[in-house]
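Below: one structure, written as structure tokens.
The values are calculated or read from the model by the stated rules, or taken from the named source; none is laboratory data. Small disclaimer: the values here were computed from a predicted structure and weren't measured. Counting neighbours? That spans all protein chains shown, and the Cβs are built from the backbone with ideal geometry, glycine included.
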């Protein structure tokens, strides 16, 4: 008896492996997958502007990276005793404008260099709803899309659902800029399975439909674009509230782990999958908490995995094993 519907996932033309540089940008689901990639020792740069939900903000951010836009105090506004950017998450805010600008501009410079040499960019779109700034918003161009509301007053914003044509326009322009900037780049699109119920159930489904239609149109139009069905895996495969957190909005650990395993199977080579198993074994060994760390048995355990980590460092010099080697060495009784 089958209790959920599994479907085949087509692999991309260029598979993901550890010698690549991967950039991830988009919704909070991006950070779930980014965390797993980082733990498995991929070279990852994740959400340089912070979490971005809508395609306009994602496209604007990528354009800023390419152009190396330098933000100044004229791009900031003050609210609740902090300085903020309408294009960045609150993690880039500061008590002083200098503090905020240092975070923002150093991040832009870092991602410009990373993106120029990146092999893959994973773009996760969360919502086609945008919040545009009204004439009441502080230091803002009326009608501009806010990437983050920074807990500003509601009358600073006007809500709008982007049309498919509008999404296609901004993403099409972004793709052309990316391929011109980095000709070897492969773009992996996903739609976030996070449900934006603040807009309403029907409104959330309208939003996801706009994103899905737009992305598939672009994947069919361009080479080096790939769609990974994270949304469908949660909504149509798992299809159960047991796989959501208590808020019934965010996929829980089991759902995220399921999507990760599907990503590995569809988008990584057999050699990379085998390497992931080796990495998991060493990571778990480094996290092991013994009852009696001074026993000979545990010391042999540490020595075995220290030797294993050193061997892996020689075999895979493009992966950093310093943390694990340092842990095993410091834990061995001298």
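The condition of being farther than 18 Å from residue 56 by Cα, out of contact with any helix residue (DSSP H, G or I) (no Cβ under 6 Å at 6 or more places or on another chain) and in the same structural domain as residue 132 (by TED's automatic domain parsing) holds for only one of 215, 201, that being 201. Between 71, 53, the distinction of being in contact with a helix residue (DSSP H, G or I) (Cβ under 7 Å, 6 or more places away or on another chain) and either in the same structural domain as residue 251 (by TED's automatic domain parsing) or assigned to a helix (DSSP H, G or I) (or both) belongs to 71 only.
Which of the residues spanning region 171-203 are farther than 30 Å from residue 14 by Cβ and without any contact (Cβ under 8 Å) to a residue 60 or more places away in the chain? Matches in region 171-203: 195, 197, 198, 200, 201, 202. Out of all the residues in region 111-120, is one or more in contact with a strand residue (DSSP E or B) (Cβ under 7 Å, 6 or more places away or on another chain), surrounded by fewer than 23 Cβ atoms within 10 Å (Cβ to Cβ) and closer than 30 Å to residue 205 by Cβ? Looking for residues that are in contact with a strand residue (DSSP E or B) (Cβ under 7 Å, 6 or more places away or on another chain), surrounded by fewer than 23 Cβ atoms within 10 Å (Cβ to Cβ) and closer than 30 Å to residue 205 by Cβ, one finds none in region 111-120, hence no. Can you name every residue in region 74-101 that is surrounded by fewer than 16 Cβ atoms within 10 Å (Cβ to Cβ), in contact with a strand residue (DSSP E or B) (Cβ under 8 Å, 6 or more places away or on another chain) and under 13 Å from residue 138 (Cα atoms)? Passing the criteria: only 78.
The single condition among (1) in contact with a strand residue (DSSP E or B) (Cβ under 7 Å, 6 or more places away or on another chain); (2) part of a loop (DSSP other than H, G, I, E, B) that residue 136 does not satisfy is (1).
Here's a check for you: in region 290-309, which residue that is under 17 Å from residue 40 (Cα atoms) and over 30 Å from the mean Cα position of the chain (by Cα) is surrounded by the fewest Cβ atoms within 10 Å (Cβ to Cβ)? Step through it out loud before you land on a result.
Of region 290-309, the ones under 17 Å from residue 40 (Cα atoms) are 305, 308-309.
Filter once more, so that each one left must be over 30 Å from the mean Cα position of the chain (by Cα): 305, 308.
Numbers: 305: 22, 308: 18.
Ranking the qualifying residues of region 290-309, first place goes to 308.
Residues in region 165-191 that are in contact with a helix residue (DSSP H, G or I) (Cβ under 8 Å, 6 or more places away or on another chain), more than 25 Å from residue 134 (Cβ to Cβ) and in a helix (DSSP H, G or I): 168, 171, 172, 173, 174, 175, 177, 178, 181.
Among the candidates 66, 104, single out the residue that is in contact (Cβ under 8 Å) with a residue 60 or more places away in the chain and in the same structural domain as residue 215 (by TED's automatic domain parsing). Outline the logic, then answer.
Working: 104 fails: in contact (Cβ under 8 Å) with a residue 60 or more places away in the chain.
Of 66, 104, the one residue that is in contact (Cβ under 8 Å) with a residue 60 or more places away in the chain and in the same structural domain as residue 215 (by TED's automatic domain parsing) is 66.
Would you call residue 310 at pLDDT 90 or above, in contact with a helix residue (DSSP H, G or I) (Cβ under 9 Å, 6 or more places away or on another chain) and assigned to a loop (DSSP other than H, G, I, E, B)? For residue 310, the condition - at pLDDT 90 or above, in contact with a helix residue (DSSP H, G or I) (Cβ under 9 Å, 6 or more places away or on another chain) and assigned to a loop (DSSP other than H, G, I, E, B) - is not met.
Given the criteria in the same structural domain as residue 171 (by TED's automatic domain parsing) and not in a helix (DSSP H, G or I), does residue 237 qualify?
So residue 237 does not fit the description; no.
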